[in-house]
Amino acid sequence: MYNSKIKGLGYFVPDNVVTNDDLSKLMDTNDAWIQERTGIKERRHVIKGEDTTTSMGVKAAKIAIERSGISKDDIDFIVFATLSPDYYFPGPGVLVQRDLGIKTVGALDVRNQCSGFVYAISVADQYIKTGMYKNILVIGSELHSHGLDMTTRGRAVSVIFGDGAGAAVLSRSESTDEGILSTHLHSEGQHAEELSLIAPGMGKRWVTDIIDDNDPNDESYFPYMNGQFVFKNAVVRFSEVIMEGLAENALKPADIDLLVPHQANLRISQFIQKKFGLKDEQVYNNIMSYGNTTAASIPIALTEAWESGKVKSGDLVVLAAFGSGFTWGSVIIRW
Ligand code: UT7
């Protein structure tokens, strides 16, 4: 039996900083509302033509591969999580294989939105634990800004999301005491439409009686979120799935050295921190600087935490996410 271990981490965010005041010039919003409700001060937006979901993922991946000490030729498999792919199909996994010049290994695209990176890590972990692969490149990347409704109509969603990418190289470890101890995944499709982007899915054909295909203002081309409902579910599911992961490994909240929650809302992170009695230094947040980058938020935050020395050998690191689907999950790591 093998274990998988995160050997290298990297992230990339576009240089273009968009402040809350910048957004207030486009829509009826203001810095005070955004900071009070979400904790976000600014986010990054790709300047059109400069980057794509894939190119950001590739930039993050190059850093992760270099830090892992392996060559791109040693990568056995690619897993790419995003809700904002460059193309409707094919997904960005194959584009990474092409753009990084990796040999013709398998490339899998994960469609689990905010939980995408947690799901992707779980998939990669299973392949390594079974001995099928040794080194897997896992990427979470999002280009939200080109697809948001930047008018007052879309303000409840558009102020929250930002662009960026993070990547990890997962490698085989012979030690079962270190690396990914367990992963825990859940879904509840009953609430699929509560946080969704209906078009351009083929299912849109079923609702053409309420949505006009030719209407440029068709709201189904923009993400929709029932904010308060998602919030209420998020705090419950985050807590449950963290506890599930700890219990599986006979651990308790006080054993956590670092919790890296998906950056959905600073208030959600603070709620979990309080519920588990964690100190500020036990929870890593960066939503203030990047907004919610969906599948990219955990790998960006984890990379930043690692770069600043907050993740040390032997530490218990917990990743947790909740989002559209609904889907949620956790990853328990002994670093
Ligand atoms: O990452 C995936 C998971 N996502 C989440 O977990 C997000 C969960 N939800 C949230 O984070 C919060 O619900 C939001 C940040 C999205 C919204 O915060 P809220 O405290 O739930 O606000 P609300 O939706 O209840 O809206 C309150 C008011 C409304 O006005 P009225 O009806 O009270 O007059 C909104 O129209 O705030 C208004 N509003 C805004 N005002 C200024 C909504 N968006 C904005 C805005 N600027 N950008």
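The values are calculated or read from the model by the stated rules, or taken from the named source; none is laboratory data. This one's a predicted model, so the numbers in the text were calculated from it and none came from an experiment. Note that we place each Cβ from the backbone using ideal geometry, even for glycine, and neighbour counts take in every protein chain shown. To get the accessible areas, we keep the full protein, side chains included, count just its heavy atoms, and leave off ligands, DNA and RNA. Shrake-Rupley method; radii C 1.70, N 1.55, O 1.52, S 1.80 Å.
Things to note:
- Spin-label zone in region 14-48 - amide nitrogen under 20 Å from a point set 7 Å from the Cα of TYR87 along the C-beta vector: none
- Dipole magnitude of region 179-334 about its Cα centre (Cβ charges: Lys, Arg +1; Asp, Glu -1), debye to nearest 20: 680
- With 0.36 nm allotted per residue and the present C-alpha distance subtracted, the VAL105-GLU193 stretch has 28.2 nm of extension available.
- Leading residue at positive end of dipole, region 3-173 (Cβ point charges), from ALA120, LEU83, VAL58: ALA120
- Cross-link partners of LYS129 among aspartates and glutamates (Cα-Cα below 18 Å; sequence separation of 8 or more within a chain): ASP74, ASP76, GLU174, ASP177, GLU178, GLU248
- For region 221-335, the carbon plus sulfur part of the accessible surface works out to 53%, probe radius 1.4 Å.
- Accessible surface calculations at 1.4 Å, restricted to protein heavy atoms, place the chain at 43 Å² per residue.
- The GNM of the chain, with springs linking C-alpha atoms under 10 angstrom apart, assigns the highest mean-square fluctuation among ALA192, ALA250, ALA81 to ALA250.
- Two-site FRET efficiency, HIS146 against TRP335, from Cβ-Cβ distance with R₀ of 25 Å, rounded to 0.05: 0.10
- Remark: region 108-257 carries a charge dipole of roughly 160 debye about the Cα centre, counting +1 on each Lys and Arg Cβ and -1 on each Asp and Glu Cβ.
- Between LYS62 and ASP15, the FRET efficiency estimated from the beta carbon spacing at R0 = 22 angstrom works out to 0.80.
- The share of accessible area on region 26-125 that comes from carbon and sulfur is 51 percent, using a 1.4 angstrom probe.
- Mean-position separation - Cα centroids, region 153-180 and region 15-73, in angstrom: 13
- Positive-end ranking of GLY140, GLY201, ASN249 along the dipole of the chain, with charges on Cβ about the Cα centre, is headed by ASN249.
- With a Förster radius of 30 Å applied to the beta-carbon distance between GLU244 and GLU174, the computed FRET efficiency rounds to 0.65.
- Between the alpha-carbon centres of region 76-142 and region 253-299 there is a gap of 24 Å.
- Partner lysines whose Cα lies under 17 Å from the Cα of LYS103, excluding those fewer than 8 positions away in the same chain, are identified as LYS62, LYS72, LYS134.
- Placing a label point 7 Å from the Cα of TYR221 along the Cα-to-Cβ direction, none of the residues of region 41-60 has a backbone N under 13 Å of that point.
- Dipole magnitude of the chain, debye to nearest 20 (Cβ charges: Lys/Arg +1, Asp/Glu -1, about Cα centre): 680
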